[in-house]
Structure formats: C-alpha cells, structure tokens
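For reference, the structure discussed in these notes is given below.
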Amino acid sequence: MQPQPAEETVRSVIDIAKLSLTFETNDGPVHALADIDLDIGEGEFVSFIGPSGCGKTTLLRVIADLEKPTGGSISVNGMTPDEARLKRAYGYVFQAAALYPWRTIADNIALPLEIMGMSRAERSERIARNMELVNLAGFERKYPWQLSGGMQQRASIARALSFDPDLLLMDEPFGALDEIVRDHLNEQLLKLWDKTNKTVVFVTHSIPEAVFLSTRIVVLCPRPGRIYDVIESDLPRDRTLDIRESPEFLKIAHRVREGLRAGHSYDD
Amino acid sequence: MTSETLSPPVRSPFAGLMSGTAGPVLVVVAALLAVWYLAAVMLNTPFQRDIYKRGGLEDVSLVQLMTDTLAQDRPVLPSPHQVAVEIWETTAEKKITSKRSLVYHSSITLSSTLLGFLMGTTLGILLAIGIVHSRVLDKSLMPWVIASQTIPILAIAPMIIVVLNAIGVSGLLPKALISTYLSFFPVTVGMVKGLRSPEIIQLDLMKTYSASASQTLWKLRLPSAAPYLFASMKVGVAASLVGAIVGELPTGAVAGLGARLLAGSYYGQTVQIWSALIVAAILAAGLVSLIGLGERIVLKRMGMAR
C-alpha cells in the first residue's frame with residue numbers, strides 16, 4: 001500500500017488504487033469491480049451512480065469492510081478498512097432502515113452507543129440531539145412499524161450519526177421512498193452535511209439526486225464494474241431544490257446521463 | 001353506480017352461533033362425545049350379552065341394553081359420563097393429600113414435568129447457541145440431537161432410571177431427566193432457526209459497529225428468536241408431560257398420573273385409566289395455554305405484537 005501524497009491541502013479519507021473484486025461463483029468468476037482508482041478527500045460529498053450490476057454498492061461495501069477486495073489497495077483514514085471498521089470510523093446507512101422491531105426509535109438510535117459502551121446519560125443526550133437533527137423529536141417511544149418509511153429511514157440516519165463518525169456511507173438510502181419524500185430528505189441531508197462537514201459517500205441510481213447532492217459524481221459501468229467518468233460539480237455548497245432548473249445543474253446532469261448511456265452501450 | 005335500496009341480509013337462525021369460536025368448538029365436542037358414546041355401546045355390548053346369557057335373561061329391550069353397556073364396572077370403553085363422575089370424585093371430593101386424589105397425582109407428575117421442562121429448555125437454548133456460533137458444533141452435534149429422538153423413549157426411560165438409581169439418584173430427578181430428554185429437542189431445533197432468523201442487513205449493521213459475537217447474540221439474535229422460542233416451548237412442554245408420565249411407568253412409582261395409569265391397567269380399572277388420561281390431556285392443554293399467555297405478554301412488551 002502506498003498512500004498517495006495529497007495534491008491539495010484536503011486530507012484524504014478514502015484512497016483506492018487498482019482495486020478489484022472477483023466473486024467465485026458456480027458459473028465461473030464474476031468481476032464485480034476492476035481497476036478502481038479513487039481518492040476521496042475530507043468533507044467531500046461523493047456519489048456513485050451507475051446501472052444495476054455496476055458494482056456501486058459492492059464498492060461501498062468494500063470501503064465498509066463488508067466485502068474483501070481480491071486485488072489492489074484501499075485505505076480508509078489511512079488504515080485498512082478492517083482496522084477502520086474496528087475503530088468505528090464510519091456510519092453506514094443501508095437501503096432499508098433495518099431498525100430492530102423490538103426496540104423503540106430511541107432505543108434503536110441507542111444501539112451503536114450501547115455497543116460502544118457509552119454511559120446512560122451520554123446515550124440519552126445523543127439520542128435527543130440526533131432525533132432533533134433528523135426532525136424526529138417526539139417519536140422516541142414509538143416502535144418502527146408505527147412510523148412511515150421516510151421516518152424510519154430518517155431514524156436509521158440518526159442511528160448512523162449518533163456516534164458521530166466523520167465518514168458517512170449511504171447505500172441508496174432513499175431508493176424505496178416516493179419522489180416528494182426523497183426531495184425533502186435530500187435537502188435535509190445536504191443541510192446536515194453542510195452543518196457537520198462530514199465526508200459522505202452516497203450510492204444512488206437517480207441522476208437528479210446525484211447531481212443535487214454531490215461535490216463529485218463517480219459514474220460506474222458494469223461487466224466488469226469500473227469507473228467510467230468522474231464529474232466535478234461546481235454548484236455552490238449552499239443549494240436548494242430550485243437549483244435543479246438551472247443551466248449549470250442540467251449541464252452536469254447531461255454529462256452524467258451521457259456517461260451512463262456510454263457505459264451501457266456495449267451491453268447488447 | 002346503482003342506487004337500489006338494499007334489502008337487509010337474511011340471517012340464518014344459526015348464523016350467530018357459528019360466527020364466533022364457541023359455536024364451532026361446541027359442535028366438534030358434541031360430535032366427539034356422540035362418537036364416544038356410540039363406540040362405548042358397541043364395544044361393551046358383547047360382554048353385556050354374556051352377562052344376560054349367564055343370568056338367563058332374554059328379550060332385553062334395546063334401551064335396557066344401552067343403559068347397561070354405559071354403566072359397567074370395568075367396561076372395555078367407559079362412557080364419557082362415567083369418566084366425568086370418576087374425575088369429579090377423585091378431584092373435588094377427595095382431599096388433595098389422599099392417595100386416590102387425582103390432584104395429588106397430577107401435582108407429582110406436574111413437578112417433574114416442570115423441572116424437566118426447565119432443564120430441557122435451558123439445554124435446548126444452550127445447544128442452539130453453540131450450534132449457531134460454531135461450525136464444528138453444527139456439523140457434529142446436530143446429527144446426535146436428531147438421532148437422540150429416534151430412540152423410543154419407552155426403551156430408554158427404564159435405562160435412565162436404573163442407571164441413576166445405581167449411582168444413588170432417585171426421586172424427582174430421574175423422571176425430570178426423561179422430560180428433559182424429550183423437551184430439549186424442539187427447543188434446540190426452534191432456537192437454531194430463531195437465532196439464524198436475523199436478516200443479513202441486520203447482521204451487517206452489527207458488523208459495521210464492530211460488535212462482538214456476544215453483543216450480537218444479546219442485542220440481535222436472542223430478541224429475534226423470541227417468537228421461535230415460544231413456539232418450540234409449546235411443543236416442548238407437552239413432550240415434557242409425556243416424558244414425566246412415561247418415566248413413572250417403568251419405575252413402579254406409587255404416585256403420579258403414570259402410576260395411576262399403570263395401577264388402572266393392573267386391575268382392569270378402565271374408568272381410572274381414562275380419567276387419568278383425560279386429566280393428563282387437560283394438564284397439557286393448561287400448560288400450553290400458559291406458555292401462549294406468556295408469549296402474548298412478552299411479545300407485546302417487545303413491541304412485536306401489533
């Protein structure tokens with residue numbers, strides 16, 4: 001592993017070089033990821049976008065140490081993903097809220113805090129703060145099934161934020177929600193990111209979502225999963241949903257769409 | 001859209017009776033009793049005809065024959081009301097310290113049932129935890145767990161009693177161990193399934209917190225397994241009761257429902273046998289519904305009952 005010297009003053013949080021991952025299946029090897037080079041700096045909001053099967057979720061899972069790469073190198077906060085996971089370097093938000101049905105919302109948010117051995121007082125302080133942050137104050141004693149899908153996903157974001165990781169890994173967190181709720185949560189997420197200056201890696205298959213949220217968009221294409229294009233966004237940090245009508249936004253969205261189309265073309 | 005006036009639905013006079021659960025249950029019970037009475041008359045008729053022949057009685061009316069077949073001392077199949085009277089006399093009308101009180105015998109059997117069930121459930125949970133956490137135990141233990149249940153309990157029960165007696169263990173424990181032997185199995189199987197029931201995403205979540213195996217067990221696997229535990233405990237407690245009764249048969253035990261069954265069969269006291277059987281069935285139903293009650297309370301407190 002050779003940590004690359006940071007080109008700018010921004011500290012590198014995730015450093016991926018020549019990374020590949022091949023699953024051995026009964027039908028032969030499946031090249032989920034091949035030749036991935038990516039450097040994500042502190043405070044960035046990076047989206048992975050691509051058609052299904054392009055390996056965007058797998059790449060996120062490799063960063064989280066939920067999958068092991070079969071080649072190349074990756075470091076998270078200067079450590080191996082395994083060490084970073086043991087140090088609880090990141091919060092992970094899954095496609096589904098994955099709240100435990102026998103715990104109230106407050107107790108679900110307390111789950112990582114209990115595991116990390118925080119005191120009761122510290123736990124309740126953090127529960128209150130993070131429920132406020134995702135606009136769920138007042139729902140502490142409700143069970144997950146009593147909440148709508150959007151509220152459940154917000155609770156799962158509060159759970160990921162509760163132990164205050166600097167890095168947030170989000171795997172299509174709003175994929176199952178309707179457009180209105182998704183827009184609203186996108187805005188909230190952006191405000192949260194702006195307030196806390198966390199590094200966010202975000203997997204999505206929605207072009208407007210990727211462009212609206214990101215400082216950088218990584219377009220992946222399938223078979224084998226690899227990076228097709230990396231698009232820097234020059235949209236201002238302080239964005240509202242209206243920006244989606246602006247020519248700058250549409251220009252970036254157009255380039256993402258072109259990338260997705262080109263990546264798809266030699267499919268059939 | 002039509003705007004016809006709707007005529008009130010015509011209700012059958014029995015509609016109310018059959019709409020709840022009480023109606024259907026009553027119908028089934030009545031049908032069972034009818035079959036029972038019919039069978040009692042048919043099975044007891046040959047002996048009754050013998051009695052008539054020896055007494056030189058002829059031209060006995062059908063009604064007389066039926067009445068007599070349902071009132072024999074040692075019938076092949078006692079009639080339901082004979083059994084009901086016997087149960088009443090041996091429970092309500094006897095002191096519970098009496099050796100002829102079914103309450104006394106039931107309490108003996110119940111105590112070893114409960115002890116055995118407690119040990120069986122504990123053993124079952126511990127085995128399941130081991131099996132879920134260790135591949136070696138999964139491969140090595142599970143076949144034995146299954147094989148243990150293919151041995152007829154009637155064959156192994158006397159062995160357990162004899163061996164334990166030889167090392168000086170007697171009384172409640174040997175019988176309870178037979179209950180344990182029968183009741184750990186459903187709990188093991190149910191809990192293995194229950195402890196493996198968390199979704200991958202829930203397990204991944206624990207991994208992202210770098211939770212230890214014991215944290216994952218206490219905070220995820222065991223709560224997920226709660227519904228499975230209660231389902232398997234219902235089977236386990238019934239098996240436990242069977243184990244306790246079977247445990248009383250080969251020991252020449254003087255007390256307990258099993259002893260009562262055995263004594264009844266020595267002396268051809270079929271009414272006594274049947275009343276012990278019915279009481280055992282009532283006991284089993286009571287135990288199972290108690291666990292059902294516990295299940296409802298616990299799952300409600302866990303927020304899992306809606």
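If we scan segment A:50-58, do we find a residue that is within 14 Å of chain B (Cβ to nearest Cβ), without any contact (Cβ under 8 Å) to a residue 12 or more places away in the chain, within 20 Å of the chain's Cα centre (by Cα) and over 30 Å from A:GLU140 (Cβ atoms)? Among the residues of segment A:50-58, not one is within 14 Å of chain B (Cβ to nearest Cβ), without any contact (Cβ under 8 Å) to a residue 12 or more places away in the chain, within 20 Å of the chain's Cα centre (by Cα) and over 30 Å from A:GLU140 (Cβ atoms), which makes the answer no. Show me the helices (runs of 4 or more DSSP H) found entirely inside segment B:169-242 where at least 3 residues are under 16 Å from A:GLU114 (Cβ atoms). Hits in segment B:169-242: B:200-208, B:213-216. Filtered by the rule that a residue be of a type in the set (A, V, I, L, M), more than 9 Å from chain A (Cβ to nearest Cβ) and closer than 18 Å to B:ILE131 by Cα, segment B:224-237 gives B:ALA225, B:LEU229. Quick one: in segment B:207-223, which of the residues that are surrounded by 20 or more Cβ atoms within 10 Å (Cβ to Cβ) and more than 8 Å from chain A (Cβ to nearest Cβ) is nearest to A:ARG61 (Cα to Cα)? So, considering only residues that are surrounded by 20 or more Cβ atoms within 10 Å (Cβ to Cβ) and more than 8 Å from chain A (Cβ to nearest Cβ), the one nearest to A:ARG61 (Cα to Cα) is B:THR216.
Considering A:GLU232, A:GLU172, the condition of being within 19 Å of the chain's Cα centre (by Cα) and buried (at least 18 other Cβ atoms within 10 Å of the Cβ) is satisfied by A:GLU172 alone. The residues listed here are A:TRP145, A:TRP102; of these, the one that is surrounded by fewer than 16 Cβ atoms within 10 Å (Cβ to Cβ) and touching a Pro at 6+ places or on another chain (Cβ under 9 Å) is A:TRP145.
Residues that are within 14 Å of chain A (Cβ to nearest Cβ) and not aliphatic (A, V, I, L, M) do not occur anywhere in segment B:254-267.
Exactly one residue out of A:ALA98, A:ALA176, A:ALA84 is at positive phi and within 14 Å of chain B (Cβ to nearest Cβ): that is A:ALA98. Here A:ASP164 passes the criteria (1) within 30 Å of A:ALA17 (Cβ to Cβ); (2) within 12 Å of chain B (Cβ to nearest Cβ); (3) in contact with a helix residue (DSSP H, G or I) (Cβ under 9 Å, 6 or more places away or on another chain); (4) surrounded by fewer than 18 Cβ atoms within 10 Å (Cβ to Cβ) except the one numbered (2). Restricting B:VAL237, B:VAL279, B:VAL271, B:VAL288 to residues that are in contact (Cβ under 8 Å) with a residue 12 or more places away in the chain and surrounded by fewer than 18 Cβ atoms within 10 Å (Cβ to Cβ) narrows the list to B:VAL288.
Filtering segment A:72-88 to residues that are surrounded by fewer than 21 Cβ atoms within 10 Å (Cβ to Cβ) and of a type in the set (A, V, I, L, M, F, W, C) leaves A:MET79, A:LEU86.
Among residues of segment A:15-37 that are in contact (Cβ under 8 Å) with a residue 60 or more places away in the chain, those with a beta-carbon under 9 Å from a residue that is of a type in the set (A, V, I, L, M, F, W, C) and loosely packed, with under 14 Cβ neighbours inside 10 Å at least six positions away or on a different chain give the pairs A:ASP15/A:MET1; A:HIS31/A:PHE23; A:ALA32/A:PHE23. For segment A:127-153, the set of residues classified as away from every other protein chain (no Cβ under 14 Å) and part of a helix (DSSP H, G or I) consists of A:ILE127, A:ALA128, A:ARG129, A:ASN130, A:MET131, A:GLU132, A:LEU133, A:GLY149, A:GLY150, A:MET151, listed by residue number.
Scanning segment B:94-106 for residues that are modelled with pLDDT under 90 and among the polar types (S, T, N, Q) gives B:THR97, B:SER98, B:SER101. Within segment A:197-214, the set of residues being of a type in the set (Ser, Thr, Tyr), out of contact with any Gly (no Cβ under 7 Å at 6 or more places or on another chain) and surrounded by 19 or more Cβ atoms within 10 Å (Cβ to Cβ) comprises A:THR204, A:SER214.
Confirm whether A:ILE105 is of a type outside the set (Lys, Arg) and within 11 Å of another protein chain (Cβ to nearest Cβ). The answer is yes for A:ILE105. Within segment A:41-64, is there a residue that is farther than 20 Å from A:ILE227 by Cβ and crowded, with 16+ Cβ neighbours inside 10 Å? For segment A:41-64, residues farther than 20 Å from A:ILE227 by Cβ and crowded, with 16+ Cβ neighbours inside 10 Å: present.
Residues in segment B:183-219 that are among the hydroxyl-bearing types (Ser, Thr, Tyr) and in contact (Cβ under 8 Å) with a residue 24 or more places away in the chain were compared, and the one that is farthest from B:ILE153 (Cα to Cα) is B:SER197.
Candidates B:THR122, B:THR109, B:THR91, B:THR69: the one that is of a type in the set (Val, Ile, Thr), surrounded by 13 or more Cβ atoms within 10 Å (Cβ to Cβ), at pLDDT below 90 and under 23 Å from the mean Cα position of the chain (by Cα) is B:THR91.
The values are calculated or read from the model by the stated rules, or taken from the named source; none is laboratory data. In this text, all values refer to a predicted model and were calculated from it rather than measured experimentally. Glycine gets a Cβ as well: all are built from the backbone with ideal geometry, and neighbour counts include every protein chain shown.
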